[in-house]
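Encoded as structure tokens, the structure appears first; notes follow it.
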Amino acid sequence: MDTADAIVIGAGHNGLVAANMLADQGWEVRVLEATPQPGGAVRSGFVTASGYLSDLFSSFYPLGIASPVLRSLDLGIDWRHAPEVFTHLLPDGRTATVSRDLATTMASMEQFAPGDGERWRSAYEEWSRISDYLIDVVLTPFPPVRAGLGLLGRLRTAGALRLARRLLLPVRQLGAELFRGEGATLALAGCALHTDLGPEDAAGGIYGWLLAMLGQEMGWPVPAGGAQQITDALVARLEKRGGQILYDTPAERILIARGRAMGVRDRLGRDHKARVVLADVPAPALFLDMVGERWLPPRMVDDLTHFRWDGATVKIDWAIDGKIPWSTPINSGTVHLGADLDDLTRYSGHLATNEIPPKPFLLLGQMTTADPQHSPPGTESAWAYTHLPHRPHWAADEIAAHVERMEAVVERHAPGFTGLVKGRHVFSPAGLEEADPSLAGGALGGGTAAAFQQLFLRPIPGLGRPDTPVDRLYLASASAHPGGGVHGAPGANAARAALARDRLLSGNLYRTVISAAHRAVYASTDRYPDQR
């Protein structure tokens, strides 16, 4: 049996963040990665045509540049920005654009309704007063006591109550309260749909507001040379501190004795012993497949049957022999297109009723516009994705037909686009999962962003912390609070919990408190899990 201080399952960015933080404390860390390469959904590759670099999964990183976790690791990322942050392109050709230059954004929003420029300024000034504390509240372990008290001190009681209300608003309602025209509301609504929350979904407003205001403040940058630079920096940092990554080594079972994680058995039958185990895998995979019902409270097992995934995804990468010929000039890195506000509601309704949207809403990235290293001069490396209902299987002809719909949306707004395509690569939902097993069924977020699966309800009703009912086993993936996005918080939170548990004097008290909380949360008339 090989031995390390910590075993981390999964070399996605959260797993690598956790591994780095433990290695910083002198721990011997081994990472077990199921695929041949690290990074999970933070990777780049040449999949369309020679000389055209694609960010294969995630791209544009507002939460990455804002994350105190990633900043603390000092990764040395060279961030690049497109001239404008993002544009929402309406069916009639009008555009609502957010720029890092506030005056430019205000002028864009003013076109939709007199006074909306100033209203945008007011919304941004409100954001600026609390953004430092709010980011810490979102990304630090739950409950965020220190950051929460700081935010309360900044807002006072009256402001805190109104922020609490805003946290629950659908994005349509939030836009109607903040603005008069459609443009600014669409800017928020398109951002909310980076998750699986439509215009009428509770808490969609806060996601839209957060991403839009981060764009206004910091932009949505990309690493020079592609998303892979983030992963490469995390791997190099870990290896410099003695960490080890084993590739093509899927974890199969958590080794447990007397209710405590003792290590991991991989699919080749090798056992890896450790003081702690941190799992950067989806919650259902960890608890139901790797742990098993014997070691879990019956109520927790029942709760896991209600875990909800976010939507499936279809993604196209293109090599464009020229710039995209937009009918309305667009110089943003990210473009939201194919829908006005009511179209977004209809699109979300199709997804909610398990139907294929006949008019897909697209999120499109102009990578070379943001970082010239992505393709030859005068060309564009681009991508677009849209969502489908989360299903166990999609037929190839269904995916092919939807790819045609997606390209028709772009062609409608950029006549001649398809004639410039010199190479394309399509990720179906199954293809995404094959490339990264954590993207189950093509779900990008590790589970829905809906309010009923956030904070202490993520991934199921519990503590909102990475600790599990199995001692020294921690959930470190996007299934844990605070959820999806490239910010490293789930991995960092898991590492902090492991370090707290391992302290000589206070560790046992920490576990006693966590165990008591778990017993209260999962109490039922049935027995607690077998501790023999």
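The values are calculated or read from the model by the stated rules, or taken from the named source; none is laboratory data. Predicted model only: the values in this text are computed from it and were never measured. For neighbour counting, all protein chains shown are included, and Cβ atoms are generated from backbone atoms with ideal geometry for every residue, glycine included. Just the protein is used for accessible areas: all its heavy atoms, side chains included, with ligands, DNA and RNA removed. Shrake-Rupley method; radii C 1.70, N 1.55, O 1.52, S 1.80 Å.
If you place +1 on the Cβ of every Lys and Arg, -1 on the Cβ of every Asp and Glu, and leave all else neutral, what size is the dipole of the stretch 376-475 about its Cα centre, to the nearest 20 Debye?
Numbers: 8 positive and 11 negative charges, 52 e Å.
That gives the stretch 376-475 a dipole magnitude of about 240 debye.
What relative contact order, as a whole-number percentage, does the stretch 40-119 give when Cα pairs under 8 Å and 6 or more residues apart are counted?
Numbers: 70 pairs, mean separation 10.7, N = 80.
Here the relative contact order equals 13 percent.
Quick check: the angle from helix 182-192's long axis to the longest principal axis of the chain, C-alpha only, nearest 10 degrees?
It works out to around 30 degrees.
Compute the semi-axes of the equivalent ellipsoid of the stretch 381-436, taking the square root of 5 times each eigenvalue of the Cα gyration tensor, and list them largest first in whole Å. Walk me through the numbers on the way to the answer.
On the way: eigenvalues 105, 33, 18 Å².
They are 23, 13, 9 Å, listed from largest to smallest.
So how much slack lies between ARG71 and PHE456, counting 0.36 nm per residue of separation and subtracting their Cα-Cα distance, in nm?
Contour length minus the Cα-Cα distance gives 136.0 nm.
Starting with the highest mean, order 398-405, 67-74, 39-46, 224-231 by the number of other Cβ atoms within 10 Å, averaged over the residues of each peptide.
Details: 398-405: 15.2, 67-74: 17.6, 39-46: 23.0, 224-231: 21.5.
Result, highest mean Cβ count within 10 Å first: 39-46, 224-231, 67-74, 398-405.
Roughly what would the spin-label model give for ALA176 and GLN25, points 7 Å off Cα along C-beta, in nm?
In this crude spin-label approximation the distance works out to 4.9 nm.
Using only Cα atoms, tell me the angle between helix 116-139 and the longest principal axis of the chain; keep it within 0 to 90° and round to the nearest 10.
10 degrees
Tilt of helix 489-502 relative to the longest C-alpha principal axis of the chain, in degrees (0 to 90, nearest 10)?
Helix 489-502 sits at roughly 20 degrees to that axis.
Taking 0.36 nm per intervening residue step and subtracting the Cα-Cα distance, what contour gain separates ALA224 from LEU168 on full extension? Walk me through the intermediate numbers first.
Numbers: separation 56, 0.36 × 56 = 20.16 nm, distance 3.64 nm.
Between ALA224 and LEU168, full extension yields an extra 16.5 nm.
With +1 on the Cβ of every Lys and Arg and -1 on the Cβ of every Asp and Glu, and nothing else charged, how large is the dipole of the stretch 209-291 about its Cα centre, in debye rounded to the nearest 20?
Details: 11 positive and 9 negative charges, 115 e Å.
Approximately 560 debye in magnitude.
Which entry is the computed Cα extents along the principal axes in Å for this structure: [x] 68, 56, 43; [y] 103, 76, 56; [z] 86, 49, 44?
[x]
7 Å from Cα along Cα→Cβ at both THR3 and ALA257: what's the point-to-point distance in nm?
With each label placed 7 Å out from Cα toward Cβ, I get 1.2 nm.
Size of the stretch 418-473 along its principal axes in angstrom, Cα-based, largest extent first?
55, 25, 14
How many percent of the accessible area of the stretch 108-263 is carbon or sulfur, using a 1.4 Å probe?
Details: 3460 of 6490 Å².
About 53 percent, which is the carbon plus sulfur part of the accessible surface.
State, to one decimal in nm², a quarter of the convex hull surface area for the C-alpha atoms of the stretch 165-241, i.e. the direction-averaged projected area.
Details: hull surface 28.3 nm².
The number I arrive at for the stretch 165-241 is 7.1 nm².
Placing unit charges on C-beta atoms (Lys and Arg positive, Asp and Glu negative, everything else neutral), compute the dipole magnitude of the stretch 1-82 about its Cα centre in debye, rounded to 20. Present the calculation step by step, with values, prior to reporting the outcome.
On the way: 4 positive and 8 negative charges, 66 e Å.
Value, rounded to 20: 320 debye.
Hey, can you find the accessible area per residue of the stretch 59-141 for me, probe 1.4 Å, expressed in square angstrom? The partial results should precede the final answer.
Details: 3430 Å² over 83 residues.
Accessible surface, normalised per residue, equals 41 Å².
Write down the accessible area per residue of the stretch 373-423 in Å², having rolled a 1.4 Å probe over the full set of protein chains. Write down the numbers at each step before the final one.
Details: 2220 Å² over 51 residues.
Dividing the accessible area of the stretch 373-423 by its residue count gives 43 Å².
Modelling each spin label as a point 7 Å along the Cα-to-Cβ direction, I'd like the GLU125/ALA520 distance in nm, to one decimal.
4.3 nm
How big is D, in µm² s⁻¹, for the stretch 289-328 by Stokes-Einstein at 37 °C and 0.692 mPa s if Rh is the Kirkwood radius over C-alpha pairs? Working shown, then result.
Numbers: Rh = 15.2 Å.
Translational D for this selection: 216 µm²/s.
Starting from the Cα of LYS359, draw a straight line to each of the lysines and keep only those under 17 Å, dropping any in the same chain fewer than 8 residues away.
By straight Cα distance, LYS359 reaches LYS315.
Can you work out the FRET efficiency for the pair ASP78 and GLN244, with r the C-beta to C-beta distance and R0 = 22 Å, to the nearest 0.05?
On the way: r = 27 Å, r/R0 = 1.24.
My answer for the efficiency is 0.20.
Can you tell me the relative contact order of the stretch 1-54? Whole percent, Cα pairs under 8 Å, sequence separation 6 or more. Don't skip to the answer; put the middle values down first.
Details: 64 pairs, mean separation 18.8, N = 54.
Averaging sequence separation for qualifying contacts and normalising by length gives 35 percent for the stretch 1-54.
For the stretch 22-75, just say rounded, prolate or oblate: build the C-alpha gyration tensor, square-root its eigenvalues into a ≥ b ≥ c, call rounded for a/c under 1.5, and beyond that prolate if a/b exceeds b/c, oblate if not. If you can, show how the numbers build up before the last one.
Details: a/c = 3.11, a/b = 1.45, b/c = 2.14.
Oblate.
Straight-line reach from LYS240: which lysines fall under 23 Å, measuring Cα to Cα and dropping same-chain residues less than 8 apart?
LYS273
Can you give the net charge of the other residues whose Cβ lies under 15 Å from the Cβ of GLU182, counting K and R as +1 and D and E as -1? Numbers along the way, then the final one.
Numbers: positive: ARG94, ARG119, ARG172, ARG180; negative: ASP92, GLU110, ASP116, GLU177, ASP340, ASP342, ASP343.
Result for the local shell: -3.
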